[in-house]
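The values are calculated or read from the model by the stated rules, or taken from the named source; none is laboratory data. Given the structure is predicted, the values throughout are model-derived calculations rather than measurements. With ideal geometry, Cβ positions are generated from the backbone for all residues, glycine too; neighbour counts draw on all protein chains shown. Ligands, DNA and RNA are stripped out before the accessible areas are found, and what is left, the full protein with its side chains, is counted by its heavy atoms. Shrake-Rupley method; radii C 1.70, N 1.55, O 1.52, S 1.80 Å.
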Amino acid sequence: MVHSIYSDKDIFLRELISNASDALDKLRLASLVDKDLQVDTSDLHIAIEVDREKRTLTVRDNGIGMSRDEVVQLIGTIAKSGTAEVLRKAKESADAAASRELIGQFGVGFYSTFMVADTVTLLTRRAGASGGTRWESSGEGTYVIEDVDDAPQGTAVTLQLKPEDAEDHLFDYTAERKIREIVKKYSDFIAWPIRMATESTDTGGADTGGEATTQIETLNSMKALWARPRDEVDQAEYHELYRHLSHDWTDPLEVVHMKGEGLFEYEALLFIPAHAPLDLFAQDGRRGVQLYVKRVFIMDDCQALMPNYLRFVKGVVDAHDLSLNISREILQQDRQIQLVRRRLVKKVLSTVRSLQTDDAERYRTFWKEFGPVVKEGLLDDGDNQEAILEVVSVASTRDPEQTTTLREYVERMKDGQDDIYYMTGESRLMVEKSPHMEAFQARGYEVLILTDPVDEVWVERVAQFDGKPLRSIAKGQVDLDTADEKESAEPEREQQKKDYAELLSWLARTLQDQVKEVRLSSRLTTSPACLVGDTFDITPTLEKMYRAMGQNVPHPKRILELNPTHPLVSGLRKAHEQQDADADVLGETAELLYGMALLAEGGELPDPSRFTRILADRLANTL
C-alpha cells in the first residue's frame with residue numbers, strides 16, 4: 001500500500017522527524033499549561049542514531065510521548081481493516097488529489113517506514129507517566145504491543161533497514177551523507193535541533209595516523225522561514241513548509257509573506273492551497289493557522305486569527321508579544337489579536353484581488369475551489385464586504401463557460417438599466433430554462449446565475465454593488481419596456497386587464513389555498529404561467545434549506561402570473577366565459593396550470609398523483 005502511494009522512499013525520514021517535532025511542540029505547551037508536570041524542557045531535541053553493522057536507524061525525541069492507549073489509537077488504527085480498505089480505494093482511485101487527502105487524514109506517514117524497513121519498533125513513554133510501551137510490526141497487518149518499565153521519556157522509532165537496492169531506489173539510510181541530504185531537503189526549517197553523531201578524520205599530523213573522531217552535530221538550521229527575508233527563501237522551501245503544515249502534498253497556489261511593525265510586531269507566512277481539502281465543509285474540519293510567540297509553538301489551528309470563511313488558508317503567525325490565557329489555550333480577545341486578524345484578512349483578500357487582475361488562470365482555480373466559502377464572508381464580515389464583492393465571480397447568461405465579476409457586469413449594463421439582475425436556483429440548467437428568464441433573454445439583458453447554496457442568503461443580505469441594487473428576476477413586478485414602449489403598449493394592456501379580470505378573480509378564488517394573487521405577466525414570452533415571490537418573500541430554495549436544518553419557517557404563498565398571449569391562457573379565458581366557472585373541468589385546468597408553473601421552476605407538487613391523474617385524463621380526451 002505504501003509503495004503505491006509514495007514514489008520517493010526518502011519521505012520516511014521526513015515523516016518521522018515531523019512526528020518528533022510535533023511531540024516536542026506538545027511537550028513545550030504541556031509544560032506551560034500544567035505547572036505540576038515534572039519534565040525537563042531545557043534540551044528538547046531530535047536525535048538520529050545509526051548502527052551500520054546491525055543496519056538500524058533510530059529517530060528519537062524527548063517530547064510528550066504516548067500512553068499505551070494512544071499507541072493503539074494513533075499507531076494501530078491504520079492496521080484496522082476499515083481504514084485499510086479506504087486507503088486501498090484511494091490507491092485505485094484516478095483522483096490523485098483525493099488520494100493525497102486520505103494520506104494526511106489517516107496518518108499513513110508513519111507507515112512509510114515500511115518502504116525501507118523489514119521491522120519497525122516504537123518505544124515510548126508519556127511525559128509524567130512511570131511506565132512505557134513498546135510496539136513492533138513487520139507491516140503485514142498485525143503488531144505486538146507490551147508494557148516496558150525502563151523506557152525513557154519521549155518516543156524512539158527504530159527501523160531494521162532492508163538491504164540496499166539501487167534499482168528499487170532503496171538507498172543506504174545508515175550513510176551520513178544520505179541522512180544529511182534528506183534533513184536538509186525536508187526538515188531544515190524544523191524549530192528543534194536535529195542531532196546526529198558524525199565522524200571526521202584528523203589529518204593534521206603524522207602522529208595521529210588519520211584517526212576518526214566522533215562528534216554530535218546539529219543537522220538543521222532551525223531558522224524559521226517566516227523570520228527570513230523573502231528574497232532569501234526559495235519557492236521549494238516555502239512549498240515544503242506548506243506541506244508540513246497542511247499535509248497536502250501539492251504545491252500551494254499562492255504564498256503570502258507579511259510583517260507587522262510598530263507597537264505590536266509579528267511575522268506571518270500564509271498559504272492559499274491549490275485545491276480544497278475534503279473537510280472544507282465538515283463541522284469538525286481543520287481551520288485556522290499555527291500560532292507562535294517568539295518562535296515558541298503555542299497553538300495549532302488558531303481560529304481567532306482567521307475568520308471561518310477563510311478557513312482554507314494555512315500558515316504561521318509568529319508574534320513577538322501576545323496576551324495569552326495559556327492554561328486554556330485560548331487567546332484573549334484583546335485589541336492586538338483583532339488587529340492582527342484584520343490585517344491578515346485584508347492581506348489575503350488583496351492577494352486574491354491581485355490574482356484576479358494579474359493571473360486570470362490561477363484566480364479561476366482559486367474561485368472554483370474556494371468561491372462558495374469566500375462568499376460566506378458576505379454574511380458575517382461587514383467590514384470587508386466591499387472587498388469580497390470585488391473578488392466574487394459568478395456565472396451569467398452572457399457566456400456558457402466563463403464567469404464574470406460584478407464589476408464587469410456593471411460595466412456591461414445596458415443604457416437605462418438601473419439594477420443588477422440575478423436568479424438563484426439549484427443548477428444552471430434549471431435557471432436558464434426558467435420562465436422568469438424569457439423576457440430578459442428576449443431583450444438581451446444579462447442575468448447572473450447563482451447556484452451555490454450560500455447565494456440564496458448573501459444576495460438577501462447585500463443590497464447593492466457600486467450603487468446598483470441587486471434584484472431577483474423571480475420576485476416582484478418586471479417591466480423592461482422603455483418609456484416609449486410603455487406609452488404605445490398602454491392601450492393593449494388596459495384592454496387585457498378588462499378581458500382577463502373575471503378569469504383572474506376566479507383563479508384567485510379557485511387556487512386560494514396555493515397562491516396569494518393571480519395577475520397578468522410582463523415577464524413571460526413563451527410559457528403560459530410562472531410563480532413569483534413578493535420582493536421580501538423567502539425563496540422556495542431557501543425555505544427548503546431552513547427546513548432541512550430543522551427550522552420550521554412559515555410557507556409564504558406566491559403570486560401566479562399568466563401570459564395573456566399564450567393559447568392555453570387565452571383558451572382558458574374563453575372556456576371560462578362560456579361555461580360555469582365552478583365546473584370541475586375548469587377547476588382541474590386551473591390545478592394543471594398551477595402545477596406546470598411549479599414544475600417549471602423545479603418545485604415539488606403538493607399532490608403528484610392527483611396531478612398525473614388529471615393530466616392523463618386530459619390527454620386521453622384529446623385522442
Legend entry - residue 466-residue 149 pseudo-label distance in nm [points 7 Å out on the Cα-to-Cβ vector]: 7.9
Legend entry - Shape box of segment 413-488 [Cα atoms, principal axes, largest first, Å]: 41, 29, 20
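What number results when the radius of gyration of segment 402-449, computed over Cα atoms, is divided by 2.2 N^0.38 Å? Numbers along the way, then the final one.
On the way: Rg = 11.0 Å, N = 48, 2.2 N^0.38 = 9.6 Å.
That ratio works out to 1.15.
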Inset, instruction - Rounded to the nearest 500, what is the 222 nm mean residue ellipticity of the chain from helices alone, with -39500 (n - 2.57) per DSSP H run of 4+ residues and division by all residues? - result: -11500 deg cm²/dmol
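By its C-alpha gyration tensor, with a ≥ b ≥ c as the square roots of the eigenvalues, how is segment 470-623 shaped: rounded for a/c under 1.5, else prolate for a/b larger than b/c, else oblate? Write out the running numbers ahead of the final one.
Working: a/c = 1.98, a/b = 1.06, b/c = 1.87.
The shape class here is oblate.
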Legend entry - Spherically averaged projected area in nm², based on the convex hull that wraps the Cα atoms of segment 135-178: 5.0
Inset, instruction - Can you grab the distance from the C-alpha centre of segment 364-402 to the C-alpha centre of segment 464-520, Å, no decimals? - result: 32
Inset, instruction - State which helices in the chain qualify, where a helix is a whole DSSP H run, it must extend 20 Å or more along its own axis by its Cα atoms, and its mean Kyte-Doolittle hydropathy must be at least -0.5. - result: 11-33, 335-358, 584-600, 608-622
Inset, instruction - Mind listing the long-range amide H neighbours of residue 517? Cut-off is under 5 Å, sequence gap 5 or more, other chains count too, H placed in the peptide plane at 1.01 Å from N. - result: 560
Inset, instruction - Determine the shape class of the chain: with a ≥ b ≥ c the square roots of the Cα gyration tensor eigenvalues, call it rounded for a/c under 1.5, and otherwise prolate if a/b is greater than b/c, oblate otherwise. - result: prolate
Legend entry - Of all DSSP beta bridges in the chain, antiparallel share, percent nearest 5: 80
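Run the accessible area of the chain with a 1.4 Å probe and give the carbon-and-sulfur part as a rounded percent. Spell out each step's value before the answer.
Values: 14740 of 31100 Å².
After summing per-atom areas, the C and S share lands at 47 percent.
If you average the sequence gap of Cα pairs under 8 Å that are 6 or more apart and divide by the length of segment 341-394, what percent do you get for the contact order?
It rounds to 37 percent for segment 341-394.
Exceeding 24 Å between C-alpha atoms, which entries from my cross-link table qualify? They are 185/314; 475/574; 375/475.
Distance filter (> 24 Å) returns 475/574.
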Inset, instruction - Would you kindly derive the ³J(HN,Hα) couplings of segment 115-126 from the backbone phi angles with the Karplus curve 6.51 cos²θ - 1.76 cosθ + 1.60 (θ = phi - 60°), listing them in order in whole Hz, with x for Gly and Pro? - result: 5, 10, 10, 7, 9, 10, 10, 10, 10, 8, 9, 6
